1. Using the crude model of +1 on Lys and Arg Cβ and -1 on Asp and Glu Cβ, and no other charge, please compute the dipole size for the protein assembly as shown relative to its Cα centre, in debye to 20.
2. Accessible area lost on pairing A with B, both sides, 1.4 Å probe, Å² to nearest 100?
3. From the label point of residue B:183, set 7 Å from Cα along Cα→Cβ, how far away are the matching label points in the other copies, in nm, ordered shortest to longest?
4. Ignoring ligands, DNA and RNA, what percent of the accessible area of chain B is carbon or sulfur (1.4 Å)?
5. List the residues of segment B:175-190 that lose 40 Å² or more of accessible area once all protein chains are present, compared with their chain alone (1.4 Å probe, heavy atoms only, no ligands or nucleic acids).
6. Most fluctuating residue of B:79, B:229, B:94 in a GNM of chain B with Cα springs under 10 Å: which is it?
7. In chain A, once you exclude exposed trypsin sites (Lys or Arg not before Pro) (DSSP loop, at most 16 other Cβ within 10 angstrom), what's the longest stretch remaining?
8. Label position 7 Å from Cα toward Cβ: report the copy-to-copy distances for residue A:25 in nm, one decimal, ordered from shortest.
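The values are calculated or read from the model by the stated rules, or taken from the named source; none is laboratory data. None of these values were measured; they are calculated from a predicted model. Glycine gets a Cβ as well: all are built from the backbone with ideal geometry, and neighbour counts include every protein chain shown. Surface areas here come from the heavy atoms of the whole protein model, side chains and all, with no ligands, DNA or RNA. Shrake-Rupley method; radii C 1.70, N 1.55, O 1.52, S 1.80 Å.
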There are 2 protein chains.
Amino acid sequence: MIRIGIIGYGNLSRGAEAAIRQNPDMELVAVFSRRDPKSVKVKTEGVGVYHVDDIPSFKDKIDVMILGGGSATDLPEQTPKYAEMFNVVDSFDTHARIPEHFANVDEAAKKGNNIAVISVGWDPGMFSLLRMVSTAILPEGNNYTFWGKGVSQGHSDAIRRIDGVKDARQYTIPVDKALDAVRNGENPTLSTREMHTRECFVVAEEGADLARIEKEIKEMPNYFDQYDTTVHFISEEELLEKHGGLPHGGFVLRSGVTGLEKENHHVIEYALKLDSNPEFTGSILVAVARAAYKMKQRGDKGCKTIFDIAPADLSAMSPEELRAHLL
Amino acid sequence: MIRIGIIGYGNLSRGAEAAIRQNPDMELVAVFSRRDPKSVKVKTEGVGVYHVDDIPSFKDKIDVMILGGGSATDLPEQTPKYAEMFNVVDSFDTHARIPEHFANVDEAAKKGNNIAVISVGWDPGMFSLLRMVSTAILPEGNNYTFWGKGVSQGHSDAIRRIDGVKDARQYTIPVDKALDAVRNGENPTLSTREMHTRECFVVAEEGADLARIEKEIKEMPNYFDQYDTTVHFISEEELLEKHGGLPHGGFVLRSGVTGLEKENHHVIEYALKLDSNPEFTGSILVAVARAAYKMKQRGDKGCKTIFDIAPADLSAMSPEELRAHLL
């Protein structure tokens with residue numbers, strides 16, 4: 001049994017908790033929170049909730065710690081800190097800061113003789129894996145990544161920060177025409193606006209100036225100004241009823257050529273259609289936690305990404321079973 | 001520079017030869033043939049062709065040997081033989097015999113302190129990798145593999161063996177309705193007939209009994225009897241003109257559930273659309289040859305499959321570059 005701990009208890013942590021129940025070789029030992037443990041109720045019977053200050057006392061009771069925190073402030077501090085005590089897995093996704101995060105975590109993990117896998121999920125994560133492997137196979141070509149249709153939590157939060165907005169949900173939607181052009185091997189050069197549109201469902205506070213809110217959304221730098229954005233004002237009930245889930249997905253494509261004259265064209269496509277972004281991401285974190293455990297058992301240490309994990313390590317099946325059933 | 005040798009000079013070997021030219025960290029050193037070397041003309045300037053009997057004398061001149069032979073008789077003998085002398089990569093695809101092949105190759109590779117990667121290509125190979133990783137992420141679900149639209153060389157050969165047939169090309173075609181049902185998360189149970197159809201273009205010898213040929217094709221056990229098969233008789237000119245290429249492709253899908261009540265559904269899809277099956281397969285063999293070289297450099301040895309290769313080893317980029325540009 002691989003003994004798992006989870007730090008934090010937001011959407012992603014709950015997704016990982018649910019995933020552990022689907023993997024008979026793993027058990028959830030404890031959940032750690034910065035809040036009063038008595039105020040946190042987990043869904044797995046018999047699993048205790050402890051304050052993060054108690055984490056060091058679990059050093060010999062937990063094989064891999066899954067970090068459910070956010071990339072902005074939690075993980076830059078938590079991942080190095082806990083990598084010194086445990087094998088850890090995080091979902092750090094601030095792209096520009098990955099080299100710095102990697103260096104900090106690598107130093108800590110090596111000090112503790114642990115494995116720390118960072119930037120795990122589907123992007124970064126599975127999408128990265130597909131981009132990387134496809135690029136290695138077809139070195140001459142272009143990569144395209146489309147996200148959606150799905151809820152962007154960052155964009156939804158950005159709308160919620162506008163004055164007069166009570167709640168909001170933002171969907172990122174890939175543009176079919178662009179996706180089809182890539183699939184057809186046209187190797188198009190695509191602007192930000194040509195790849196995705198944004199659709200917003202907004203609950204306004206009573207008496208708020210809707211025209212002003214819509215204008216503020218559509219002109220918001222980086223988040224919306226480079227996109228064709230649609231804004232719908234709806235009631236709170238409708239938002240909860242029709243937009244309560246966290247679906248997501250997307251497409252990674254590589255379009256490349258081979259042949260002495262580069263005369264043959266190939267398209268590799270990887271597509272995800274997810275009912276629950278946090279549960280799917282949590283499922284990946286759990287599979288990677290297994291890999292971290294196996295790598296540690298073999299005496300490896302340091303910071304890793306999905307690029308460094310031999311795929312067999314993700315699976316509960318033996319190498320013989322994998323070769324017999326999935327090769 | 002990684003020094004590559006190729007054994008055999010059929011379609012797959014020529015695909016690998018073309019791929020090496022797209023990878024600046026690799027060079028083709030020699031091609032080996034069972035035929036008179038003077039009768040074989042390779043496409044890469046300055047590369048010599050040698051008889052297979054000369055292979056042992058290249059022990060210190062070649063880092064990885066790519067085996068372009070067939071699974072029926074060539075590879076069971078060649079892969080263990082050459083794994084004792086070189087790091088090797090093969091495309092062994094006789095599924096039922098993989099455990100036996102693995103054991104033979106593993107023993108030889110360990111004896112020679114070499115890395116031998118078997119069953120490399122897109123199926124087995126990339127499709128296996130996607131099935132395996134997706135199954136590890138979503139342990140509760142179903143895998144579906146569709147092939148095509150593309151030319152099946154095995155089925156084309158089977159038609160050519162019929163009396164009165166001069167030449168033939170057989171396309172395997174996935175059934176859209178079945179593919180859509182899987183994409184929609186319906187988790188259908190699909191018979192062989194429901195997943196693929198077969199379309200045959202046949203050049204008959206003059207005066208041959210077309211009705212008899214069509215009947216023999218459609219009733220051929222395993223190859224055609226379990227499928228809806230269409231047969232078109234065409235001229236030799238039309239066959240060459242319209243069906244001269246070797247396109248292929250296919251789809252691997254995993255449809256699975258997550259959540260405490262298994263209430264959320266996810267579909268992972270991997271799709272290939274290939275102008276040239278042998279060139280794409282050759283490109284994969286070349287990337288895997290690089291991984292074999294790196295694994296050997298680290299002191300690893302024995303038989304491996306795509307499941308055992310850390311993805312970063314496939315790439316010519318450094319770990320830092322991969323994290324910066326593709327993660």
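1. Dipole magnitude for the protein assembly as shown comes out near 1580 debye.
2. For A against B, buried area totals roughly 5900 Å².
3. Reported distances to equivalent positions: 0.6 nm.
4. Reported share for carbon and sulfur atoms: 47 percent.
5. Relative to the lone chain, where solvent access is computed with a 1.4 Å probe, segment B:175-190 loses at least 40 Å² at no residue.
6. Result: B:94 has the largest fluctuation of those listed.
7. Longest site-free region, per DSSP loop and neighbour criteria: A:162-261.
8. Listed shortest first, these distances are 3.0 nm.
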